[in-house]
Amino acid sequence: MLKMYKKYNEIINYVIFGVLTTLVSLVTYYLCSKVFHIYYLVSSVISFIISVLFAYVTNKIYVFKSDAKGSKVLKELFSFVSSRILSFIIENVILVILVSVIKLDDMISKTIVQIIVIILNYILSKLVFLRSKNEKKVK
């Protein structure tokens with residue numbers, strides 16, 4: 001079991017922290033939308049900001065084990081947030097379609113969209129942190 005974890009630790013850690021990031025996003029969205037009655041798209045923006053910050057820290061430390069320091073952290077963070085903005089746009093387009101056009105419940109829609117976003121974010125995050133590691137090796 002330990003051997004398998006060592007072999008697939010990046011993917012396993014990504015799934016674990018991806019689930020936690022999704023929970024952060026969904027709980028934040030729920031609180032904003034259902035408890036504080038904030039419009040669903042504004043709730044989505046708030047949940048995005050909080051979950052991206054959580055995802056960056058956990059991906060950097062536990063998943064991709066980036067050791068970027070100083071200005072490289074800012075470059076890495078900018079690339080990470082930029083890739084997440086792309087997935088955020090995709091997320092909200094699908095969310096609008098599901099909620100406003102198809103008339104599906106917003107929490108069900110948000111959950112469906114999160115599955116799509118997890119897959120997209122893994123691919124984009126891998127590119128960001130891999131690029132950061134490759135730039136370090138070149139210098």
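Cβ-Cβ under 9 Å, sequence separation 6+ or interchain: first residue in segment 115-139 and closer than 14 Å to Asn59 by Cα and among the small types (Gly, Ala, Ser), partner at pLDDT 60 or above and outside any helix (DSSP H, G or I). Which pairs?
That search, which allows pairs on different chains as well, returns Ser125/Phe64; Ser132/Phe64; Ser132/Ser66; Ser132/Ala68.
Could you identify the single residue in Ser43, Ser83 that is at pLDDT below 85, in contact with a helix residue (DSSP H, G or I) (Cβ under 6 Å, 6 or more places away or on another chain) and either on the phi > 0 side of the Ramachandran plot or in a helix (DSSP H, G or I) (or both)?
Ser83
Of these, Tyr5, Tyr62, Tyr30, which one is over 14 Å from Tyr122 (Cα atoms), open to solvent by 90 Å² or more (accessible area, probe 1.4 Å) and part of a helix (DSSP H, G or I)?
Tyr30
Any residue at all in segment 63-73 that's in contact with a helix residue (DSSP H, G or I) (Cβ under 7 Å, 6 or more places away or on another chain), aliphatic (A, V, I, L, M) and within 21 Å of Tyr14 (Cα to Cα)?
The answer is yes, given that some residue of segment 63-73 is in contact with a helix residue (DSSP H, G or I) (Cβ under 7 Å, 6 or more places away or on another chain), aliphatic (A, V, I, L, M) and within 21 Å of Tyr14 (Cα to Cα).
Do you know which of the residues in segment 12-23 that are crowded, with 19+ Cβ neighbours inside 10 Å and not aromatic (Phe, Trp, Tyr) is farthest from Ile50 (Cα to Cα)?
Only one residue fits best here, namely Gly18.
Lys69 is checked against (1) surrounded by fewer than 12 Cβ atoms within 10 Å (Cβ to Cβ); (2) assigned to a helix (DSSP H, G or I) and fails just one. What number does that condition carry?
It fails just one condition, (2).
Determine if segment 92-113 includes at least one residue that is in a helix (DSSP H, G or I), in contact (Cβ under 8 Å) with a residue 24 or more places away in the chain and under 12 Å from the mean Cα position of the chain (by Cα).
no
Yes or no: segment 21-30 includes at least one residue that is free of Cβ contacts under 8 Å to residues at least 12 places away in the same chain, over 22 Å from Val99 (Cα atoms) and of a type outside the set (D, E, K, R).
No, segment 21-30 contains no residue that is free of Cβ contacts under 8 Å to residues at least 12 places away in the same chain, over 22 Å from Val99 (Cα atoms) and of a type outside the set (D, E, K, R).
Quick grid of which residues meet (1) among the hydrophobic types (A, V, I, L, M, F, W, C); (2) under 23 Å from Val128 (Cα atoms):
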| residue | (1), (2) |
| --- | --- |
| Tyr39 | no, no |
| Tyr62 | no, yes |
| Val73 | yes, yes |
| Arg84 | no, yes |
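Checking the condition at pLDDT 90 or above and aliphatic (A, V, I, L, M), which residue from Leu2, Leu20 passes?
Matching residue, one of Leu2, Leu20: Leu20.
The values are calculated or read from the model by the stated rules, or taken from the named source; none is laboratory data. From a predicted model like this one, the values you see are computed outputs, not experimental measurements. Here Cβ is always computed from backbone atoms with ideal geometry, including for glycine, and neighbour counts include all displayed protein chains. To get the accessible areas, we keep the full protein, side chains included, count just its heavy atoms, and leave off ligands, DNA and RNA. Shrake-Rupley method; radii C 1.70, N 1.55, O 1.52, S 1.80 Å.
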